[in-house]
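The values are calculated or read from the model by the stated rules, or taken from the named source; none is laboratory data. Since we're looking at a predicted model, the values are computed, not measured. Every residue, glycine as well, gets a Cβ built from its backbone with ideal geometry; the counts of neighbours run over all protein chains shown.
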Amino acid sequence: MARVPVPEAASPLSVHTGQSIESALAVWGLAQTSGQKAVARRVRRPCVRSIQVGAHSGNVCQTKTAWSGALPVNFDRQQSDVLDEIRRLQSRLRVLQFHHPHQAVSTGPLVPGCEICVRRGYMSFQLGFACNAQCPFCFVETHSLDTPDEDERYHQSALLKQFHRRKDALEGVSLSGGEPLLYLAELQACVSEMRAAKPDLHFWVYTNGILADEEHLRALQALGIQEIRFNLAATNFRGKAVSNLVKAREIFKYLVVEIPSYPKQKGALLACLPLLEDAGIDQLSLQELLVTPANVHRLDGEGYQAGMLFSKKHFLCGSRRMTYEVMQHCAEEGYSFTVNDCSAGRFGRT
Ligand code: SF4
């Protein structure tokens, strides 16, 4: 794929590496006042210069990203072309269930975490950004464990404040990272606090599975967590994470494999499906691959922009196509687990 230059973003939201946090906040009309904290996460890559600024005020985090320079992903494709293709692929599958009001087109019933998400009754609790995997597609700027990040403690307490303010409307909380099992002590403390405040909450945990041995799984079980989601794409559907998933079936009521639809890994996923069926997973959730400054330099191909103004996002073309090809394959093979396109409802699209 030819590398085409992406024009300098001309919008007043453009911020470039080197610009001070204060001036970035001022450009975006966000004042940094006492009690607030600004967090900048700079990304320096050979082909991308960008900066993300989050303005926290106890419970609010606004993050904006600008990028510029020559990118390996060409963003010339139109969202309408991608959606037309997805509608054609959906029309070939007779088994589809469309869930509203938020996200999800599936081949069967959804696990409780997804049902809660569809009803918009959850909050996402990211414990931190340390990770023990280095996925080429990872759209989050992660760091290694030996790089302590003081902002993470602040981030956790801001999320707990947000939880207490919203708890009456919440049915569930998703726990993620980075890799949440690297934060087991913090996870235990946060879940215990939230559980004490609202005993009937449903929690679900995302993990890459590398650390999900029986000891860690039992620790989650002891917290009353009933749903776990493995990102087997992090290990290319091989190794210890797969055997840990098999063990998880004995421990958790709901077992999900949730991965980005990354066309380069389609073969590895298809080869693993019989094992997932034998393991008895409840659901395979496939997300359209988000393109961000954290992964754009590792991807190639065509991308497109969805949404507008502050909700603008970029995705890899071919990612959602893969989701429906996998759905078709699973229907033909008669696998018993649900396959879920959990990218469906964003921006009001199907
Ligand atoms: S396991 Fe998740 S957080 Fe870690 S690198 Fe992979 S996608 Fe990113």
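Checked against the criterion of being closer than 30 Å to Val95 by Cβ and over 20 Å from the mean Cα position of the chain (by Cα), the candidates Gly172, Gly108, Gly113, Gly121 yield just one match: Gly108.
The single condition from (1) at positive phi; (2) at pLDDT 80 or above that Leu96 fails is (1). Are any of the residues in region 164-182 of a type in the set (Ser, Thr, Tyr) and either assigned to a helix (DSSP H, G or I) or over 22 Å from Glu227 (Cβ atoms) (or both)? No, there is no match, as no residue in region 164-182 is of a type in the set (Ser, Thr, Tyr) and either assigned to a helix (DSSP H, G or I) or over 22 Å from Glu227 (Cβ atoms) (or both).
Here is a yes/no grid of residues against (1) in a strand (DSSP E or B); (2) more than 15 Å from Ala133 (Cβ to Cβ); (3) not assigned by TED's automatic domain parsing to the domain that holds Gln265:
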{"site": "His155", "(1), (2), (3)": "no, yes, no"}
{"site": "Gly209", "(1), (2), (3)": "no, no, no"}
{"site": "Leu220", "(1), (2), (3)": "no, yes, no"}
{"site": "Ile228", "(1), (2), (3)": "yes, yes, no"}
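Within region 274-284, the set of residues being farther than 16 Å from Ala234 by Cβ, in contact with a strand residue (DSSP E or B) (Cβ under 8 Å, 6 or more places away or on another chain) and assigned to a helix (DSSP H, G or I) comprises just one member, Ala279.
In region 166-177, the residues that are among the aliphatic types (A, V, I, L, M) form Cβ pairs under 8 Å with partners that are within 16 Å of the ligand (Cβ to nearest atom) and assigned to a loop (DSSP other than H, G, I, E, B), at six or more places apart or across chains, as follows: Leu175/Leu127.
The single residue among Phe98, Phe125 that is of a type in the set (Phe, Trp, Tyr) and within 16 Å of the ligand (Cβ to nearest atom) turns out to be Phe125.
Taken over region 105-146, the criterion of being in contact with a Phe, Trp or Tyr (Cβ under 7 Å, 6 or more places away or on another chain), over 21 Å from Ala185 (Cβ atoms) and surrounded by 20 or more Cβ atoms within 10 Å (Cβ to Cβ) is satisfied by Val105, Val111, Gly113, Ile116, Phe137.
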